Every structure is written in structure tokens, then in C-alpha cells.
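Structure, as C-alpha cells:
The values are calculated or read from the model by the stated rules, or taken from the named source; none is laboratory data. As the structure is a computational prediction, the values presented were derived from the model and not from experiment. Glycine gets a Cβ as well: all are built from the backbone with ideal geometry, and neighbour counts include every protein chain shown. For the accessible areas, the whole protein counts, side chains as well, though only heavy atoms, and no ligand, DNA or RNA atoms are used. Shrake-Rupley method; radii C 1.70, N 1.55, O 1.52, S 1.80 Å.
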Amino acid sequence: MEQTNLAYARTEMAADERPPSKEQGVVAWLRKNLFASVPDTILTLVGLVIVAMILPRVIDWAFINAQWTGTDRSYCATVAQGGIQPDGWSGACWAFVGAKFQQFMFGQYPIDQRWRVMLAGAIFLALLVPLLIPSVPRKLLNAVLLFGVFPFIAFALLVGGVFGLPFVETARWGGLMVTLVLSIVGISVSLPFGILLALGRRSKLPVIKLVCVIFIETIRGVPLVTVLFMASVMFPLFLPAGMTFDKFLRALIGVAIFAAAYMAEVVRGGLQAIPKGQYEGAASLGLTYWQTTGLVILPQALKLVIPGIVNTFIGMFKDTSLVAIIGMFDLLGIVRQNFSDANWASPQTPITGLVFAGFIFWLFCFGMSRYSIYMERRLDTGHKR
Amino acid sequence: MKNHVKAILGAAVLGLAASAASVSSADTLSDVKAKGFVQCGVNTGLAGFSAPDDKGEWKGFDVDFCRAVASAIFGDPSKVKFTPTNAKERFTALQSGEIDLLARNTTWTLGRDTALGLTFVGVNYYDGQGFMINAKKLPGVTSALQLSGASVCVQSGTTTELNLADYFKANNLEYNPVVFEKLEEANAAYDSGRCDAYTTDQSGLYSIRLTLASPDDHIVLPEIISKEPLAPAVRQGDDKWFNVVKWTYNALVLAEEYGITQANVDEMKSSKNPDIQRVLGAEAGTTLGTGLGLDNDWVVKIIKGVGNYGEIFDRNIGAGSPLKIARGLNALWTKGGLQYAMPIR
């Protein structure tokens, strides 16, 4: 009830005083963040000097002096190197990336069939994006479509051999496509298997526990490089003559079981952090093991280890480059492979190619990292700082 | 340490490969005809020898040899599938039957011929390990024997490293090897002056020159410290297939000798020269091609598909390519080189 008859009461709030000029705006921000103390000031100045020294050169190289178009090495080489650029020129050879861009994306996938890869990518995005946005409804249907139906569509589209689509062997796959297929399959296989392994490792049933411990410790104890190497060099020798096993499949399985073993330990860390009281509380309510795990333990445990899970994802995304060892070419592999094209050999070609590959990897890893931060904030209801 | 592990693993692979050699299938030619293409192992990327072009098609000297074999069998240079192989897996790929033919700048050695169970078909490129130095930095150096105390950039994991050590030891010279895993790392280190000299196969030195900041300052020293006869290889114990690949190589060289090119091969069929007629299968009642298990006009198909040896050389690594490697030892025997084909008759 409002008491308007009291003479000494304000009827409305007094307008806020503006903060002192030193406490607001650019000046305050600078004082607070860059020049708060003498050491801060020194560090800021040193940082500025370093940036001033490096940044103009980088911009010069990457944009101003860069060669954007061209059809062969002469566009990216100086006169002394047999090209058209003035002596002493140094700039990025984006023409190389431009000429090879399709190859960096699709490898040697037949040119007239590349729409299939793009279609698969588009369907994947169309299913993934709504799943990632919390406010979009029908999450269950969406997840079933993405994890239950999409793999078959993707397989039919990418491999072909059905519905009149020509068969494309995996030896012709390459570039970003291989990186993404390997890491998406790795990610979606490793999380469920990792959770099962982690639960198995904490199980009270000795056989299950032993099997899980042996699996995890064996896989974690061997470098991925060795497993891929064994799979590609030794494995064919044990098979009957003439029988081969798709290389890509070998790599896919290798990457997936690896990620699962690492994921298991990350998830176990989360399970370990759940206080005993949670189990006892669930037991007192009469929940079964699976109910306890599914309704009480896992939601809390997984929330705790989001940074660890995403860390594993990002690590795996970058580890896919190791398939170069077995003659598969992921994004980095195909960029490096193209350094051997004599038509484009120049001092600037390798560095430009590597910068490009690095940028693409960064885009994906940074995207994953930002989304995980968003999810952490959203789910972090109990431990908010 | 890392290299020791590699050596042990490598030895294990070799041992297994040798034991697997006996299980390989016997009639590759029929298998190839049945499946409709040749599966060819090539380098994962070596300038001029096998590298993808802008469209992602394999191009190069070794690649064209694979295409020549495909042309001989199918009359179509595109009926070949390439398996990029690295130095470690190339032999097992051949042993296990994953590939039918290995054309991957592989040096013909006794050990590979015996312990690994390979059969080399003929040297299609005579290479050798050499040195490159920056003449501005080391003025007056004209021989590798003057490189005492020099630091030498070298790529790890190949026989290059071994040859380098042998050479300096044999000549009682001091040197510091600067070893790199990746080719472009070694190139960058050499270009930035971290090493005085760079050593690899001479064919490789030419492609490395293309990536140097000032190529004219660098010279290739005259010493060749190792023999590297590069040869395509097939599995042991399949003589029919071996013959097809071996004679494809001979036909390429012979065609250059007789001046048969991609452009004039059809006119040459009506040549008066009986040798040329025989080679091109134009002689009446000839059974030279069918004896190989191919058609009698198999040489015509090869030359139409990829050209003769000289054309392949020029297009990929010679004057018509950015590498501009001189023919040198790879010139025909009639022109002072070593390329000498067995007669087709």
C-alpha cells in the first residue's frame, strides 16, 4: 500500500549522481586495467612496444604486400627467384591458397561429386545448430535425427554406391572434410563410450571393472602415432594376401577408441567429485543404480567436467593431423602435400599454407571453446563465483 | 632415441615383410585386368615426381610411369589409382597386395631385392646425393672436401643421413649434422643460414632451390656421394606382371630413341624403318605384344597416353617444368647418358 501523505517521503527516487570523471569512461578503464600500478604500467608499455614492432610487419605481410591472385609460382616469387615480384619482396601467397582451396576442403574427392560433401555438411549444420541453442524445442527428436539417422545419410552421401550415387573410395577423401569426419565421429563415439568406461571403472563388479581398467590403461599407455602406424604398416601383413581393410576406417576406429579412453578418465574425475551423500540420498529414495546414475550423478558430474570434455575434444580435433602418418591427408596434411607441387614452390608458399591451416584449426577450436564457456555459465548454478 | 625406436620398428617391419613376401598373389596382370585399374604406390609428395596439381590430380615423373603401365594394359592413362605411401609403409603396401606397383623414387639396392622380396624393373632415374651451399656465405668453396667443420642440414629417417656420415668419416672431415624431421623445416633452416650446406638427392636440391630467397647465390657442389638408382618395383614371384612393367619402361626409352612422340606416333606406324614397325606392333603377324599378355599395339597405347621417356622427363622435371633438371646421366646412351633400353623384337 502506498503512503503518499507522508510529507518527508520522496515520491520518486533521486536521480543517480554521475560517478566521478576519473571512475568512468576510457580513462577509468585504462587506469584500472592497464596503468593500475608501476609494474602494470611497465608491462603495458613493454607490451605496446612489442605489438608496435610486430603488428605492422604482420599486416604488411598478410595483407598489404600479399599476392592475392595468380596461377603459378611466378606470382609469389621475386625476379631473382624466377617470378615477377621486386627483389626483397615478402608477402603472403594467398594465390596459392586460392588455387588449392577446393583441394584443401575436399582432398581429391571427384570434382563433380563435391556437392555431396557440401549437402552432408549442410544437413549436419541444420541438425546441429538447433541442438546447440537451448531455446529451440524438440531436443529429443533433434538428437535422434542427428545421432541416429544422420550417420546413415552421411555415409550414403559421402561413400556413395547407393541410390545411383557413384562410389567414392576413401583414399580420395582429404582436407578439411577428413578432419571434420574424423573428429565428429570421434567426438560422438567417445563421449558415450567414455561415460560407460568411466562408470565401468567405478563399478563394484570385478570383471567389468577389470575390463574397463585394462582397456583404458592400455590405450592411454600407447601413443596414438604408434597405434596408427601399427594399423597401417603391420596390420595388413596379418591379413590374408590381397585382403585390405579401408585405411580411413582404421584411422577412424583408432581415433575413436583413443578419445574414448581419455574421455573415460575425464568423466571419472567428475564422478569422483560427487559427494557420497548424493548416492546415499538417491538410495534412500529407492532409486535403482541406473536411475541414480542417470538422474542424480551424471548430470552433476558431466557439468563439472565440461572444460575437461571440451579440452579432450579440442585435443582430438588437432590430433586428427596424425593420420598423415598412414597416408591419409587431413587439412594440415593436404596443405603440406601441396608444398611439393613444383608449380607453386616459392619461399612464401609453405608459410602461407601453414598460416591458412592454422587459422582454420583456430576457428574450429575457438568456436568449441566459446560454446563450452557459454554452456558452463548456463549450467553453473551451484558453484557460481 | 626417437630414431632408435624408428630403427627397431623399421627392422621389425622389414622382417615381417620378408616373411609375408611368399604369400602374395601370383597373377597380378589378370587381377589388374579384372578390376580395371592399376593400383600404384607413389610418394606422398615430392616435387616433380609425384604431387597433386591445382585440381588435385596426381602429376609427376613417377605418376606418369604408373599411367604408362595403365596405358599399356587398358589404352587409357586414367585407369590408375594412386596410393600415396611414405618411406616406411611403401614396401609393406606392395607386399600385402595393397598396391600392384611401386613407383616411388625408390633406390634399387641388394637388400631390397633380396630381404624385402621386391623386383626392380629398371632404373628410370639415376639420382645421387649431393650438396648445396650458399656461395655468398662460403666464397671459394668448390668441393665438398672443403666443408670440414661445416654444419649440414639433413632430413632424418632416410639413407641420406647415413650417406652423409659415411662420406665425412671416409674423408676424415669434421661436420655438424643439423637434422630435421620435415622437409620444409630443413629448407627454412638452410635458407635462414642456420647450416652451411644442405644435403639430399640431387633431384631434391633442384626443387629446394625453388623455395630459397635468392636461388642464384646457391650452388650445387660437383661431388655425388652416393648412387641412388631410382627404380619402379613389383612383387617377386610374378614374372608375367614383372615383364609387363619392365617392358613398359623399356618401351618408353626405346620410343625416345626412335623419335616416336605423342604427336607423331600415328604417322610412325607407317614408317619404313622395320625396327619402328616392330616396336609399334605394325609388323604383319607379330606376336610381341600378345606374348606379354597385352595387345600388339601396346607401345602405341603407351606413347599416346603419356609420351616417350624424354617427353615425360621434360614435362615433369626437365626443361618444361619449373625444376629444370638437366638430363645428365638420364640422357639416352646415344647422347652420353645411361638410359639404354633392351630391344623390342
Checking the range B:177-214 for GluC sites (Glu not before Pro) in a loop per DSSP with at most 12 other beta-carbon atoms within 10 Å yields B:E181
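Using only DSSP helix segments of four residues or longer, with each worth -39500 (n - 2.57), what per-residue ellipticity at 222 nm results for chain A after dividing by its residue count and rounding to 500?
Values: 16 runs with 225 residues, N = 385.
Computed mean residue ellipticity for chain A: -19000 deg cm²/dmol.
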Subtracting the Cα-Cα distance of B:I219 and B:N273 from 0.36 nm times their residue separation yields 15.0 nm
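Averaged over its residues, how many other protein chain Cβ atoms are within 10 Å of peptide B:89-96's Cβ atoms? Numbers along the way, then the final one.
Values: counts 8, 2, 1, 6, 5, 0, 3, 12.
Other-chain Cβ atoms within 10 Å of each residue's Cβ, averaged: 5.
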Classified through the alpha carbon gyration tensor (a ≥ b ≥ c as square roots of its eigenvalues; rounded if a/c is under 1.5, else prolate when a/b is larger than b/c, else oblate), the range B:127-228 comes out rounded
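If you stretched the chain out fully between A:L363 and A:F35, how much longer would it get, using 0.36 nm times the residue separation minus the C-alpha to C-alpha distance? Let's see the in-between values first.
Numbers: separation 328, 0.36 × 328 = 118.08 nm, distance 3.20 nm.
So the extension gain works out to 114.9 nm.
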Straight-line reach check, A:K276, cutoff 30 Å on alpha carbons, 8 or more apart in-chain or any other chain, hits among lysines -> A:K204, A:K209, A:K303, A:K384
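What's the FRET efficiency of B:T334 with A:T71 using the Cβ-Cβ distance as r and R₀ = 41 Å, to the nearest 0.05? The partial results should precede the final answer.
Values: r = 37 Å, r/R0 = 0.91.
Rounded to the nearest 0.05, the efficiency is 0.65.
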Mean accessible area per residue over the protein assembly as shown (1.4 angstrom probe, all protein chains present, square angstrom) is 49 Å²
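So, by mean Cβ neighbours within 10 angstrom, what's the order for A:55-65, A:153-163 with the highest one leading?
Peptide ranking by packing, descending: A:153-163, A:55-65.
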Measure of exposure for B:K304: accessible area at 1.4 Å probe, Å² rounded to 10, is 100 Å²
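How large is the dipole of the protein assembly as shown about the Cα centre if only Lys and Arg carry +1 and Asp and Glu carry -1, each at its Cβ, rounded to the nearest 20 debye?
On the way: 63 positive and 58 negative charges, 419 e Å.
Using Cβ point charges on Lys, Arg, Asp and Glu, the protein assembly as shown gives about 2020 debye.
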Residues meeting the amide H criterion for B:E228 (H placed from the backbone, H to H distance under 5 Å, 5 or more places apart or on another chain) are B:D127, B:G128, B:Q129
Applying the span-like rule to chain B (DSSP H, Cα extent along axis at least 24 Å, Kyte-Doolittle mean at least 0.0) gives B:2-20
Interface B-A: total buried accessible area (1.4 Å probe, Å², nearest 100) of 3300 Å²
Result row for chain A, helices from DSSP H with C-alpha axial extent 30 Å or more and mean Kyte hydropathy at least 1.0, is A:38-59, A:176-201, A:247-272
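Using helices alone, what [θ] at 222 nm do you get for chain B, with -39,500 (n - 2.57) per DSSP H run of 4 or more residues, divided over all residues and rounded to the nearest 500? Please list the in-between numbers first.
Numbers: 14 runs with 132 residues, N = 345.
Rounded to the nearest 500, it is -11000 deg cm²/dmol.
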For the pair A:L131 and A:I84, the simple spin-label estimate (label points 7 Å beyond Cα toward Cβ) gives in nm 4.8 nm
Within chain A, the cysteines whose Cβ lies no closer than 4.7 Å to any other cysteine Cβ are A:C212, A:C365
With a 1.4 angstrom probe the carbon and sulfur portion of accessible area for the range A:311-366, in percent, totals 71 percent
From the cross-link list B:K79/B:K269; B:K182/B:K335; B:K59/B:K304; A:K318/B:K59; B:K88/B:K301, the entries with a Cα-Cα span beyond 27 Å are B:K182/B:K335; A:K318/B:K59; B:K88/B:K301
Inter-part gap, Cα centre of the range A:90-110 to Cα centre of the range B:294-343, in whole angstrom, is 31 Å
At 20 °C in a medium of viscosity 1.002 mPa s, the range B:91-154 has a Stokes-Einstein diffusion coefficient, with Rh taken as the Kirkwood radius over alpha carbon pairs, in µm² per second, of 140 µm²/s
Between the modelled labels at A:I50 and A:A122 (7 Å from Cα along Cα→Cβ) the distance in nm is 4.6 nm
Rounded to the nearest Å, the spacing of the alpha-carbon centers of the range A:148-198 and the range A:335-368 is 24 Å
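On full extension of the chain, what length is gained from A:D60 through A:V149, given 0.36 nm per residue of separation minus the C-alpha to C-alpha distance? Please list the in-between numbers first.
Working: separation 89, 0.36 × 89 = 32.04 nm, distance 4.83 nm.
Gain in length upon complete extension: 27.2 nm.
Once Rh for chain B is found with the Kirkwood sum over Cα pairs, what is the Stokes-Einstein diffusion coefficient at 4 °C and 1.567 mPa s, in µm²/s? Don't skip to the answer; put the middle values down first.
Values: Rh = 21.3 Å.
Roughly 61 µm²/s, to the nearest whole number.
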